[in-house]
1. Over region 1-112, what is the relative contact order in percent, taking alpha-carbon pairs closer than 8 angstrom and at least six residues apart?
2. If eta is 0.692 mPa s and T is 37 °C, what Stokes-Einstein diffusion coefficient results for region 47-116, Kirkwood Rh from Cα pairs, in µm²/s?
3. Quick one: longest stretch of the chain between exposed loop chymotrypsin sites (Phe, Trp or Tyr not before Pro), exposed meaning at most 13 other C-beta atoms within 10 Å and loop per DSSP?
4. Pick out, in residue order, every one of the trypsin sites (Lys or Arg not before Pro) in region 113-186 that is DSSP loop and has at most 13 other C-beta atoms within 10 Å; say none if there are none.
5. Using θ = phi - 60° and the Karplus relation 6.51 cos²θ - 1.76 cosθ + 1.60, list the HN-Hα couplings for region 145-151 in order, rounded to whole Hz, with x at every Gly or Pro.
6. List the pair-distance distribution P(r) of region 121-165, using every Cα-Cα distance, as the percent of pairs falling in each 5 Å bin from 0 up to the bin containing the longest distance, rounded to whole percents.
7. Between Rg and the Kirkwood Rh of region 1-52, both from Cα atoms, what is the Rg to Rh ratio?
8. As an exercise, identify the trypsin sites (Lys or Arg not before Pro) in region 13-49 lying in DSSP coil whose Cβ has no more than 10 other Cβ atoms within 10 Å.
Amino acid sequence: MLLITVEKTLNILEITSSAETIDQYSRLINAISVKIEQYCKRDFEYKENVSEIEYLDTELVRIPKYPVMSVSTMQIASSLKLDDLIDVDFFRLTNIQQVFVETLLGYGIIQATYLSGYVLPKYEGVATPTGGTIGDYWLDYTGMILKQLDSTGPDVWLTITDILPLPETIQEAVVEYIYWVNKRLKQKVIGIKEKSRGYGYEGSTMVMERKMPDQIKEMLEDEVNYG
């Protein structure tokens, strides 16, 4: 899972694109993307989720994974085992993280099925992509418009308004993190491999610290899920 495309990263960092750098930075971006998601306590990728949420005398249910784009079902559990779920007849999404439901009295658990997260565009830029796969997303920089490849014909990109692209600040945080790592190594990253205590780089004994740099934390301040 990459929170920014390799091509965009190499372009920003002014690094020559090659089979070697694409492979190396793909692995590095993936490692940093996972680290950022863990720090933010978020799952940024757009997909369907099912969450069990505790409530106590309320009409508003807070969805843990956001931004929420749509909610398909809300079901109240008749027991803590969730073996008997009762459909909620009326509910509506009030914002990207909250659902209004019928009054829920006492303590209980409600199960929500919903679509949430951001689209991670496979294509970005001004030029219209070609040769994509049906369902691919493209962030058209001419107007920052999100489009999806449709099945009605070749290269038919339809504007999508009910899904959000990944915020630019998150992508910028990934690039800043890479820049920080490269600076710490005092050389370009030449590879990444898993180690038992973190991530190490081939040709170097340097290990990526578990603690996230303060400047990256500041960039992600608005994206952290404080629960």
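The numbers here are math on the coordinates, done by the rules we state, and not lab data. All values derive from a computational prediction rather than experimental measurement. A quick note on method: Cβ atoms are made from the backbone with ideal geometry, for glycine too, and the neighbour counts reach across all protein chains shown.
1. Working: 154 pairs, mean separation 30.3, N = 112.
This gives 27 percent for region 1-112.
2. Values: Rh = 11.9 Å.
Rounded to a whole number, D works out at 276 µm²/s.
3. Details: sites that count: 90, 141, 226.
Formally, the longest exposed-site-free interval is 1-89.
4. Values: sites: 122, 147, 183, 184, 186; in loops: 122, 186.
Those satisfying the criteria are 186.
5. Couplings: 9, 7, 10, 10, 6, 8, 8 Hz.
6. 5, 27, 38, 21, 8
7. Details: Rg = 13.6 Å, Rh = 12.4 Å.
Rg/Rh: 1.10.
8. Values: sites: 27, 35, 41, 42, 47; in loops: 41, 42.
Taking region 13-49 and a limit of 10 other Cβ atoms within 10 Å, no loop trypsin sites (Lys or Arg not before Pro) are found.
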